[in-house]
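The values are calculated or read from the model by the stated rules, or taken from the named source; none is laboratory data. Predicted model, so just to flag it, every value in this text is computed and none were measured. Note that we place each Cβ from the backbone using ideal geometry, even for glycine, and neighbour counts take in every protein chain shown. What goes into the accessible areas is simple: the full protein's heavy atoms, side chains included, and nothing from ligands, DNA or RNA. Shrake-Rupley method; radii C 1.70, N 1.55, O 1.52, S 1.80 Å.
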Amino acid sequence: MNDVNPFETAQRQLDKAAEVLDLEESVHEALREPMRTFVVNFQVKMDDGSTKTFKGFRVQYNDALGPTKGGLRFHPDETLDTVKALAAWMTWKTAVADIPYGGGKGGVVCNPKELSQDELERISRGYICAISNFIGEDRDIPAPDVYTNPQMMAWMMDEYSKVAGAYSPAVITGKPVEVGGSLGRGDATARGVIYTIREAAKELGIKLDEATVAIQGYGNAGYYSATLIQQLLDCTVVAVSDSQGGVVNEDGLDIDAAKAHKNENGTVATYEGGDRITNNELLALDVDVLIPAAIENVITEDNAGDVSATMVAEAANGPTTPEADDTLYENGVYVIPDFLCNAGGVTVSYFEWVQNRNRYYWTEEEVYERLDKKMTKAFKDVHNRAQQEDVDNRTAAYMVSIEKVAQAMKLRGWV
Ligand code: NAD
């Protein structure tokens with residue numbers, strides 16, 4: 001486990017942006033802490049007949065722009081400070097994407113790998129029952145995150161509907177399509193990543209059909225980014241990796257063969273369509289686009305100087321440390337910061353909520369078109385702000401988001 005307290009990091013990032021913005025002290029103070037924090041303990045019958053008490057969290061960081069929104073993690077190491085940090089970051093993510101939501105996050109301390117499907121269902125229902133008075137389609141809308149999935153969202157929606165006495169699909173997003181999920185949610189995060197890369201390439205004068213790409217992480221965000229960057233932008237993916245290492249081929253990799261290899265062997269590192277490389281070597285490749293799509297803190301002060309890519313598109317949350325950020329900026333590497341780059345997932349979650357409320361469902365094409373508009377607008381807002389203020393894109397993204405939240409707080413008479 002990383003011993004850096006994530007909530008302190010989130011507060012430090014806010015402090016830095018507040019200083020650049022010359023934010024009023026009253027607004028800054030209000031944004032440094034979550035508005036509401038719930039800790040619940042609830043009982044669940046286990047398969048062996050025993051009863052166990054589980055601890056759950058839900059943090060509603062700020063709801064000036066609308067109901068709070070954010071995922072639920074089922075993780076043995078879940079802590080209140082992690083949830084508070086993630087809820088803060090959701091506040092900035094929804095604001096930068098211009099979605100009428102605040103930021104929230106939740107979690108249950110448990111290890112899903114040691115639980116049966118029946119136990120997971122009872123924990124999902126128990127947790128939602130315990131927080132049912134605090135959530136709702138106009139209050140706080142959860143979604144899947146680490147170790148939670150669409151099936152669990154379906155159980156939670158069902159439990160909430162029972163408690164509320166009314167069918168309530170809009171209380172939670174990331175549901176299976178059959179019970180109110182949106183088409184296009186599966187690859188939405190990666191699709192958003194690709195749209196921002198397309199816009200950045202226009203600004204940087206990169207010819208996409210000649211561009212090379214390296215991707216760290218070959219899960220949901222990484223694999224779909226690899227597929228879509230070839231399909232939609234005609235780029236060549238030359239390297240991919242996972243936790244066991246990666247593979248490189250200057251002539252381009254066969255994305256689907258690499259995926260099939262990973263499915264069969266548990267890793268992409270031993271795929272024979274290229275040469276083996278380490279994750280650190282992948283991050284240093286001389287490519288046009290580098291997409292970190294795995295875990296946090298992979299570009300650090302130790303290796304930031306080796307990054308040779310023209311552009312880093314942060315599909316992952318928090319892949320770059322603050323010290324590395326400075327080095328990348330000094331070296332002229334163009335960074336699309338995480339909460340802008342990976343906002344496609346929450347944007348399609350918002351579309352799901354809109355469709356649920358209207359009981360009218362869109363085609364996949366309609367979802368993609370609207371996602372493209374939102375991501376393109378968000379990208380331009382951040383890029384233009386960075387140019388105007390002569391700051392890095394991450395600082396510009398914070399400035400755009402904090403201003404929107406602060407303005408709503410002022411107009412509502414809170415500060
Ligand atoms: P995932 O579990 O599907 O995939 C993660 C991938 O990273 C796997 O291939 C894994 O092998 C690899 N990995 C793990 N540790 C690694 C290491 N040390 N070095 C290299 N590779 C490593 O997860 P995901 O949903 O694709 O999420 C990846 C990142 O994207 C996370 O930071 C997540 O927060 C972020 N993200 C995902 C979504 C989404 O909708 N899936 C939305 C927003 C942000």
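At pLDDT 95 or above and either open to solvent by less than 10 Å² (accessible area, probe 1.4 Å) or within 16 Å of the ligand (Cβ to nearest atom) (or both): does that describe Gly174? If you could, list the steps in order and put the result at the bottom.
Details: at pLDDT 95 or above: yes; either open to solvent by less than 10 Å² (accessible area, probe 1.4 Å) or within 16 Å of the ligand (Cβ to nearest atom) (or both): yes.
So Gly174 fits the description; yes.
Within segment 236-260, can you find the residues that are hydroxyl-bearing (Ser, Thr, Tyr) and closer than 10 Å to Tyr218 by Cα?
Taking segment 236-260 first, the residues hydroxyl-bearing (Ser, Thr, Tyr) are 236, 241, 243.
Hits for segment 236-260 are Ser241, Ser243.
Residues of segment 122-140 being open to solvent by less than 50 Å² (accessible area, probe 1.4 Å) and charged (D, E, K, R), which ones?
Those that are open to solvent by less than 50 Å² (accessible area, probe 1.4 Å) and charged (D, E, K, R): Arg125, Asp140.
For Asp390, work out the one condition from (1) closer than 22 Å to Val289 by Cβ; (2) surrounded by fewer than 23 Cβ atoms within 10 Å (Cβ to Cβ) it doesn't fulfil.
(1)
Any residue that is under 30 Å from Ala406 (Cβ atoms), crowded, with 20+ Cβ neighbours inside 10 Å and of a type in the set (Val, Ile, Thr) - is there at least one of those in segment 147-170?
no
Take Ser225 and decide whether it is open to solvent by 20 Å² or more (accessible area, probe 1.4 Å), small (Gly, Ala, Ser) and within 12 Å of the ligand (Cβ to nearest atom).
Taking the combined requirement at face value, the residue does not satisfy it.
How many residues does segment 178-204 hold that are without any contact (Cβ under 8 Å) to a residue 60 or more places away in the chain, part of a helix (DSSP H, G or I) and either closer than 17 Å to Asp145 by Cβ or within 16 Å of the ligand (Cβ to nearest atom) (or both)?
1
Please work out if Val307 is under 29 Å from Ile99 (Cα atoms), hydrophobic (A, V, I, L, M, F, W, C) and either within 15 Å of the chain's Cα centre (by Cα) or assigned by TED's automatic domain parsing to the domain that holds Arg370 (or both).
It is false that Val307 is under 29 Å from Ile99 (Cα atoms), hydrophobic (A, V, I, L, M, F, W, C) and either within 15 Å of the chain's Cα centre (by Cα) or assigned by TED's automatic domain parsing to the domain that holds Arg370 (or both).
Only one of these is within 15 Å of the ligand (Cβ to nearest atom), among the β-branched types (Val, Ile, Thr) and open to solvent by less than 10 Å² (accessible area, probe 1.4 Å): Val312, Val346. Name it.
Val312
Among the candidates Thr327, Thr321, which residue alone is over 17 Å from Ala200 (Cβ atoms), within 16 Å of the ligand (Cβ to nearest atom) and of a type in the set (S, T, N, Q)?
Answer to the selection: Thr321.
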